[in-house]
1. Regarding Val316, is this residue open to solvent by less than 40 Å² (accessible area, probe 1.4 Å), over 19 Å from Gly123 (Cβ atoms), part of a strand (DSSP E or B) and of a type in the set (Val, Ile, Thr)?
2. Across the stretch 204-220, what is the number of residues that are assigned to a strand (DSSP E or B) and under 17 Å from the mean Cα position of the chain (by Cα)?
3. When the stretch 7-33 is examined, which residues are found to be more than 24 Å from Val114 (Cβ to Cβ), assigned to a helix (DSSP H, G or I), touching a Ser or Thr at 6+ places or on another chain (Cβ under 9 Å) and open to solvent by 50 Å² or more (accessible area, probe 1.4 Å)?
4. Among the residues of the stretch 162-192 satisfying the criterion of being over 20 Å from Ala145 (Cα atoms) and under 14 Å from the mean Cα position of the chain (by Cα), which is modelled with the lowest pLDDT?
5. Yes or no: the stretch 40-47 includes at least one residue that is at pLDDT 90 or above and either out of contact with any strand residue (DSSP E or B) (no Cβ under 6 Å at 6 or more places or on another chain) or open to solvent by 50 Å² or more (accessible area, probe 1.4 Å) (or both).
6. Is it the case that some residue within the stretch 174-187 is more than 24 Å from Ala207 (Cα to Cα), outside any loop (DSSP other than H, G, I, E, B) and either among the basic types (Lys, Arg) or open to solvent by 70 Å² or more (accessible area, probe 1.4 Å) (or both)?
7. Select from the stretch 140-188 the residues that are over 21 Å from Leu130 (Cβ atoms) and among the acidic types (Asp, Glu) and list them in ascending order.
8. State all residues of the stretch 130-150 that are outside any strand (DSSP E or B), open to solvent by less than 40 Å² (accessible area, probe 1.4 Å) and more than 16 Å from Leu36 (Cα to Cα); if no residue qualifies, say none.
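The values are calculated or read from the model by the stated rules, or taken from the named source; none is laboratory data. Keep in mind that what you see is a predicted model, and the values were worked out from it rather than measured. Every residue, glycine as well, gets a Cβ built from its backbone with ideal geometry; the counts of neighbours run over all protein chains shown. Side chains are part of the model used for accessible areas, which takes the heavy atoms of the whole protein and leaves out ligands, DNA and RNA. Shrake-Rupley method; radii C 1.70, N 1.55, O 1.52, S 1.80 Å.
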Amino acid sequence: MTTTVVIGAGAAGLWCALHATDRGAVTVVAPGAAELSATAWAQGGVAAVESDDDSPEQHAADTIAAGGGLCDPAAVDVLVHEAPQAVTELRAMGMRFDEGDPSALEGGHSRRRVHHAGGDRSGQVLHRFLEETVERHGGIVRVDARAVGIEMRAGIVIGIRVEGGAVIAADRVVLATGGGCGIYGRRTGPDTSVGEGFALAWEAGAALADLEFVQFHPTALDVPGRPARLLTEALRGEGAVLRDASGERFMDRFHPLGDLAPRDIVARAVLQVREETGLPVVLDATEVPEVARRFPTADEQCREVGLDIATTPVPVAPAAHYFMGGVLTDL
């Protein structure tokens, strides 16, 4: 039997911990409250093929196209084939995705395959479900601490060191520490996401790769003096559109998929139009049916700054969203 330490308590860390119990004792090490995890901030859902008019091959083609042809095809293949299995497993465990509505359509996808929970509170719902499942599991210990080092002996990992100097022994250490978008002024996630896992890995002798690839989400609320707040891509999947300051749609001149082009293309287009006009770009969701009910997070975030997303186009601009690179691994 082995001892596994998982650093990080977002969706990846908790999912890994639940599965690692098959091999022995598991300890999850992470500091602070649930809202410090980027998972809890996520609005969009889980992309996984389920309908008869879709296929893993189509999902793979969409993924590689959205990645500008730079994706690792073997990694994409794992993603598109394991995602439906993971959704099926989550449902069997008791996770409730939204029923009644078809899966959502989001940017870069040619089919509706994004499974939501709680409307645009998918990350929060999924994270809470995984936390409760871990709490009920007898084989997982939670430690509220910050990992500050990976302990090595003769090139082999033997545990981790936490703040204060204590060492937790382990046969295996899993880094599930998230990205580094907290280093950016405009960001869609918690400011605690500052790439600590990258530093831990680098100091232990691991390689890092593709750190220059940072995804900027094109539609974060842009109100002076207020933090950027994500307005989920699913809004555009349900009919919201981007407009310039004069009220004209502009995405069709940048990409055949228009408002549902891949995020990097939409983000650059929003930035270009803002620079061309010197004026804000707005996201117009006034034609989305029951937008306040279906997208409660977006509605709440707009109301906090005095805007009504159901009746008024709201100003948006890109914000740092996701680190594509990180610790270099095999499959």
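1. So Val316 passes the test.
2. 7
3. The one that is more than 24 Å from Val114 (Cβ to Cβ), assigned to a helix (DSSP H, G or I), touching a Ser or Thr at 6+ places or on another chain (Cβ under 9 Å) and open to solvent by 50 Å² or more (accessible area, probe 1.4 Å): Arg23.
4. Gly189
5. Looking through the stretch 40-47, none of the residues is at pLDDT 90 or above and either out of contact with any strand residue (DSSP E or B) (no Cβ under 6 Å at 6 or more places or on another chain) or open to solvent by 50 Å² or more (accessible area, probe 1.4 Å) (or both).
6. Within the stretch 174-187, one or more residues are more than 24 Å from Ala207 (Cα to Cα), outside any loop (DSSP other than H, G, I, E, B) and either among the basic types (Lys, Arg) or open to solvent by 70 Å² or more (accessible area, probe 1.4 Å) (or both).
7. Glu151, Glu163, Asp171
8. Scanning the stretch 130-150 gives Thr133, Val134, Gly139.
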